[in-house]
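A short write-up of the structure that comes next.
Read-outs: derived from the displayed coordinates by stated rules, not from any lab. Quick caveat, the model's predicted, so the values are computed rather than measured. Ideal geometry is used to build each Cβ from the backbone, glycine not excepted, and the neighbour counts take in all protein chains shown.
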Amino acid sequence: MHGASVHRSLSRPADGSRARPIDRALVIHHRSGIGDLVWHIPYIRAIAAHTADGRVSVMAKPSCRAADVLAGESCVAEVIDYDYRPRAGEQRRGRHEGLRGMFELVRSLRSRGFSHVFIFSSRVRYGLMTLAAGIPHRAGFGFGSIERLFLNMPPFIERHAGAGNWVYPEATSFARAHGFVDVAVTPRLAIPAPLIAEVAADIATLRRPVVAMAIGTSEARKDWGSDNFARLAQRLAEAGLGIVLLGGPAELAVGERIVASAGCPPDVVRAFCQRSVLRSAALLTHCALCVGNDTGVLNVAAASGVPALGLFGATRPLAHDPLLDGIEGEGMSAIHPEAVFARIRARLAADQPS
């Protein structure tokens, strides 16, 4: 973890204590992925704990499904969509692109009367927009001098210099620099108990234990492929396990193809390619393990308290959560179903009570 500037936040005195609660806070989440948002949840909670009413507003891109993912978070007062530069696959223009879109967003933010904004990003545009929206106290990463022109609440942090993904380490550094946490906090989701009970009926007929497969991906290079998932499903079925396939609506055809290719009876495998991330999280709580692509569901599994085994042929393994393990390969095609099956059996055996 890298260090932070010696400057102190304007929201607290020099001794490090907070003089008074933050009046009304906005948290800006920049990244577009569901997993990225999950990594920020402990720091959203930590900021909310320092506000007058214990709640914050969160601004995030539609692709990270913030309204759904954060639906169980009592500390989130509202989610504000920032519809800017949708993913290429969406083939549309964002509502907040261009000057007209930016002015629309600025007006919306100004009307809410925020006193503070905490920007989990180094993008200059967030400081500019929140300054234009009249938010008096503005904190952001502050990597560059231009960005700092629009921020007035140091300390600023440095870019992550270590190996692997930088998003979680930089979010942690920002939260630590402003005194919201003392150490890195492992992400955990708030899943409503009634939802957990409700989804139990969806998999009541499946064999136990149940292994979940995260078959979705936002990038083709991270996709293990339906043939590999089908072969793994066959091996899990032979071992007497139940299988749940998890993805979004875009993975419906893939899920059906895996089920057909695996040739397993209905009490062995079911596909849930649904829009609600939180409902998938509730399903995961009934599973013994989740295996799959480096994607949002994999991070949701670990954040739901479920051991997760990621397939990392295109990216470096994630190391922020002790529940998240990984299999590496020189490309996704180098990761073989038999090797994945062996790791699953070993992990399930290790988790059995002695």
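Quick notes
- Relative compactness, region 284-352, computed as alpha-carbon Rg over 2.2 N^0.38 Å: 1.03
- In degrees, nearest ten, helix 167-177 long axis to first principal axis of the chain (Cα): 40 degrees
- Convex hull volume of the chain per residue (C-alpha atoms, cubic angstrom): 143 Å³
- DSSP loop GluC sites (Glu not before Pro) with at most 16 other Cβ within 10 Å excluded, longest remaining stretch of the chain: 220-329
- Quarter of the Cα convex hull surface for region 25-177, i.e. its orientation-mean projected area (nm²): 9.0 nm²
- Positive minus negative residues near residue 144 (Lys, Arg vs Asp, Glu; Cβ under 11 Å): +2
- Value of Rg to Rh for region 160-249 (Rh from inverse mean 1/r over Cα pairs, i.e. Kirkwood): 1.10
- Neighbourhood net charge (10 Å Cβ-Cβ; Lys/Arg +1, Asp/Glu -1) for residue 248: +1
- Angle between the chain longest axis and helix 252-262 axis [Cα atoms, degrees, rounded to 10]: 30 degrees
- Net +/- balance of residues flanking residue 164 in space, Cβ distance below 13 Å, scoring K and R +1, D and E -1: -3
- Rounded tilt (10° steps) of 337-351 against the dominant C-alpha axis of the chain: 80 degrees
- Summarised as an ellipsoid, region 193-351 has semi-axes of 21, 17, 16 Å, derived from the eigenvalues of the Cα gyration tensor scaled by 5 and square-rooted, with the largest first.
- Theoretical ellipticity at 222 nm over the chain - DSSP helices of four or more residues, -39500 (n - 2.57) apiece, nearest 500: -10000 deg cm²/dmol
- Under the convention that each Lys and Arg Cβ holds +1 and each Asp and Glu Cβ holds -1, the size of the dipole of region 25-177 around its Cα centre is about 360 debye.
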